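Below: one structure, written as structure tokens.
Read the figures in this text as sums done on the coordinates, not as results from a lab. Being a predicted model, the structure only gives us computed values, none of them experimental. In this analysis, Cβ positions are derived from the backbone assuming ideal geometry, glycine residues included, and neighbour counts consider all displayed protein chains.
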Amino acid sequence: MIDLYDVQMLDILPEPMRDLPKVRALSYAYLNAQRRVLDMISASQVVSGTSRLDIDVIDALAAEEASPYYDDSASEATRRKDYANTMLNFLQLGTKAAVNRMVRDVFSSGSASEWFEYGGDPFHFRIYISEDLTTEQVEELQKLLETVSNARSELDEIMRQTEIQSGDVAVLAMPVQTVITTIL
């Protein structure tokens, strides 16, 4: 395999042209310029090169960029994935896609449903998950929703969705107000 950092124009030119002083000078100048460009490209690959960065550097970058729902107490793999998704998360903030991504990333499965999909009040939404939540997880979910959902949107309820062996889906709902009252 050819390393772009070391390839020169002389390598691809016919033999008689390689010995010309102007061609050798041009090849050397081009090699130096090419190396500078490749060094700049390498230095600019912070986000795409997160696998090469130390986890402390990723923590610092996530804090500096105020990465949504980045948790520096999570596992190293989760922190790397969350930081790598920072730009996408910022692009999607305030959308159903952002809420869905957050629910899937934090709780491994789940989705959001907007008010017009279930006949609710305008700008309200529900969250469907497939696991039981502790009061701490509900508090965490509400805190994370404040960072990713639209400011005017309001969570109606968190619904636990369970698949029954026949393939049917059963949904149990718990209004958020009840959960908050129970927690307090």
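Using θ = phi - 60° in the Karplus curve 6.51 cos²θ - 1.76 cosθ + 1.60, the 3J(HN,Hα) couplings for the stretch 152-162 round to 8, 6, 9, 7, 7, 7, 9, 10, 8, 10, 10 Hz; x is entered for Gly and Pro.
For His124, the residues 5 or more places off, or on other chains, whose built amide H falls under 5 Å of its own are Trp115, Glu154. In order along the stretch 31-41, the Karplus-derived 3J(HN,Hα) couplings, from 6.51 cos²θ - 1.76 cosθ + 1.60 at θ = phi - 60°, round to 4, 5, 5, 4, 5, 5, 5, 5, 5, 5, 4 Hz, and Gly and Pro are given as x. Rounded, prolate or oblate: pick one for the stretch 1-88, where a ≥ b ≥ c are the square roots of the eigenvalues of its C-alpha gyration tensor, a/c under 1.5 means rounded, and failing that, prolate if a/b is larger than b/c, else oblate. Note, shape of the stretch 1-88 comes out prolate.
Backbone amide hydrogens, once placed in the peptide plane, bring Leu93 within less than 5 Å of nothing, excluding anything fewer than 5 places away on its chain. Note: relative contact order over the stretch 61-142, using C-alpha pairs below 8 Å and six or more positions apart, is 17 percent. Model label points for Asp132 and Phe107, set 7 angstrom from Cα along the Cα-to-Cβ axis, are 1.5 nm apart. Phi angles of the stretch 87-99 translate, via the Karplus equation with coefficients 6.51, -1.76, 1.60 and θ = phi - 60°, into HN-Hα couplings of 5, 4, 4, 5, 5, 9, 3, x, 10, 4, 4, 5, 5 Hz per residue; Gly and Pro are given as x.
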